[in-house]
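Shown next, in structure tokens, is the structure this report addresses.
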Amino acid sequence: MSDELWPSPAYSRQVERLRAAIGETIYLAELADSEVQLAVRLTDRPFVLLGIIEFPRPDPVRGLTPHLILLDDGRGVNLGRIARITRRPFSPAPADLLYLDTEAHENLLFSERRLTADFIAQRSRAVLGQCLGKPAAPALAGPGDPSAGRLSGPAGEDAP
């Protein structure tokens, strides 16, 4: 188990920054999850921040934080379901940033994408090889990996 505090002191500072912004127009980058995908929904739809309330059952494993934000569309959204809250919809300046889930921001909103032409070609070759009864290739390299772009055959030689 990690020795880090949850929620972190940075989270508490961000909640206070949100409390100071009650009544202002805000823009959300919301986490959108389904059974097979986790993504971030970023729109230019403005909301008025009506309040911050305590959430009675936070759960770090499920991503539920101890606070909800109340919006003028009638929703109460747990901060664990939000990647970013800003005063501007796109490319906010640091002064416009009210709340930031650093992990979601770095790993979902602005992470390097794997669906490059090179990655798709590698994956296609690996799946075709499996269909033809060839041994499974090692796990595909991620972006920035020096072995990206190569698949090895059973004896370590590069696949055609």
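At pLDDT below 75, surrounded by 14 or more Cβ atoms within 10 Å (Cβ to Cβ) and touching a Pro at 6+ places or on another chain (Cβ under 9 Å) - does that describe any residue in region 113-124? Taking every residue of region 113-124 in turn, at least one turns out to be at pLDDT below 75, surrounded by 14 or more Cβ atoms within 10 Å (Cβ to Cβ) and touching a Pro at 6+ places or on another chain (Cβ under 9 Å).
Only residues that are part of a strand (DSSP E or B) and modelled with pLDDT under 90: list them for region 35-50, please. Selection gives Leu38, Ala39, Val40, Arg41, Leu42. The set of residues in region 34-81 that are farther than 19 Å from Leu98 by Cα, among the aliphatic types (A, V, I, L, M) and more than 19 Å from the chain's Cα centre (by Cα) is empty. Looking only at residues in region 82-112 that are modelled with pLDDT under 65 and open to solvent by less than 70 Å² (accessible area, probe 1.4 Å), the one that is nearest to the chain's Cα centre (by Cα) is Leu108. Out of Leu70, Leu28, one residue alone is of a type outside the set (D, E, K, R), open to solvent by 30 Å² or more (accessible area, probe 1.4 Å) and either outside any loop (DSSP other than H, G, I, E, B) or touching a helix residue (DSSP H, G or I) at 6+ places or on another chain (Cβ under 6 Å) (or both). It is Leu70. Of all the criteria given as (1) small (Gly, Ala, Ser); (2) part of a strand (DSSP E or B); (3) closer than 20 Å to Val15 by Cα, the one not satisfied by Gly80 is (2). When you scan region 17-25, do you find a residue that is of a type in the set (S, T, N, Q), open to solvent by less than 30 Å² (accessible area, probe 1.4 Å), part of a strand (DSSP E or B) and modelled with pLDDT of 90 or more, even just one? Scanning region 17-25 turns up no residue that is of a type in the set (S, T, N, Q), open to solvent by less than 30 Å² (accessible area, probe 1.4 Å), part of a strand (DSSP E or B) and modelled with pLDDT of 90 or more.
When residues of region 51-65 are filtered for being open to solvent by 20 Å² or more (accessible area, probe 1.4 Å), part of a loop (DSSP other than H, G, I, E, B) and either out of contact with any helix residue (DSSP H, G or I) (no Cβ under 7 Å at 6 or more places or on another chain) or under 15 Å from Arg19 (Cβ atoms) (or both), how many remain?
7
The values are calculated or read from the model by the stated rules, or taken from the named source; none is laboratory data. All figures in this text were calculated on a predicted structure; none of them were measured in a lab. Here the Cβ is made from the backbone with ideal geometry for all residues, glycine too, and neighbour counts use every protein chain on show. Accessible surface is based on the protein model in full, side chains and every heavy atom, while ligands, DNA and RNA are left aside. Shrake-Rupley method; radii C 1.70, N 1.55, O 1.52, S 1.80 Å.
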